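The values are calculated or read from the model by the stated rules, or taken from the named source; none is laboratory data. Keep in mind it's a predicted model, so treat the numbers as computed, not measured. Side chains included, ligands, DNA and RNA excluded: accessible areas come from the protein's heavy atoms. Shrake-Rupley method; radii C 1.70, N 1.55, O 1.52, S 1.80 Å.
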Amino acid sequence: MTSNETDTFNGIKLLIEKFIETHPKVLNIVTTNYDRVLEHLLAYENICFSDGFEGKTLSAFDETNFQDKNIVNIIKVHGSLNWFNVNGEIRYLSNQITTETPQIVVPSKNKFEETYNTPYRELIQKSDILINDTLSFLVVGFGFNDKHLTPKIQANIKKGVPLVLITKEITSSTFKELANAKKYILFEEAEMGKTRVIYKESNSTEQTEEIIEGDFWKLNNFMEIL
């Protein structure tokens, strides 16, 4: 990762640093992404993290690698581009192998069957626990289309757990799943250089919409107001 690339992802860096600056200095990130942007950025910034593997070539998944202090836990519920099947077991490799197929869960009719296996089963269970225990949600670029994560999130926001979403465009699925939410604030792109902010207070039955100056639907800019 070059210095130019770290500038591009500076919002992620600032976000992570903000959330791990207080005791017990732990941040849990549940993601459906396969890429390794988070891992590369955290390694570059010398921030301790775990995706459930030890970070060593051919290491196996062990959920005890997730800790509850001084760490960023990355819960990759759909796998990663550097996880490969080695003799019937998913193993970690530091680099992607172009001649082999990475172990990722892609949208298909076999998606749920794949998640019954290690490490997906444990990762989904871990994500369920984290979602159920959270006091608030910060959601970045998620369209609420995942059938594993969405029902758990929906159940909690219906109880009053607040949610903040930043994304380029709010999907129809998002509005559907937030229909019974009690408190949220959503940021999406409006016209050039502006952001549409949609929010609902816990004591209100209606949502409010405003257009503000600035691209605050972008994480780098959002961090300026967080």
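Could you sort K218, K176, K200 by their accessible area in this structure, using a 1.4 Å probe and putting the largest first? Intermediate results must be reported in sequence, preceding the final value.
Working: K218 90, K176 145, K200 25 Å².
Ranked from most to least accessible, the order is K176, K218, K200.
Can you give the percent of C-alpha pairs in the chain whose distance is more than 25 Å? Let's see the in-between values first.
Values: 11467 of 25425 pairs.
So the portion of pairs separated by more than 25 Å is 45 percent.
Percent antiparallel among DSSP beta bridges with both residues in the chain, to the nearest 5? Walk me through the numbers on the way to the answer.
Values: 18 of 34 bridges.
Close to 55 percent.
Give K69/K200; K25/K56; K18/K56; K147/K183 a once-over and call out the pairs whose C-alpha atoms are over 26 Å from each other.
Values: K69/K200 33 Å; K25/K56 24 Å; K18/K56 28 Å; K147/K183 22 Å.
Beyond 26 Å: K69/K200; K18/K56.
In deg cm²/dmol, rounded to 500, what helix-only [θ] at 222 nm does the chain give when every DSSP H run of at least 4 residues adds -39500 (n - 2.57) and the total is split over its residues? Could the numbers behind the result be given before it?
Numbers: 8 runs with 62 residues, N = 226.
The per-residue figure over the chain is -7000 deg cm²/dmol.
Quick one: work out the % antiparallel among DSSP beta bridges in the stretch 133-226, nearest 5. Each step should come with its number before you reach the end.
Details: 12 of 20 bridges.
Counting DSSP beta bridges with both partners in the stretch 133-226, the antiparallel share is about 60 percent.
Could you state how much accessible area S136 has, in square angstrom rounded to the nearest 10, with a 1.4 Å probe and all protein chains kept in place?
Ignoring ligands and nucleic acids, S136 comes out at about 70 Å².
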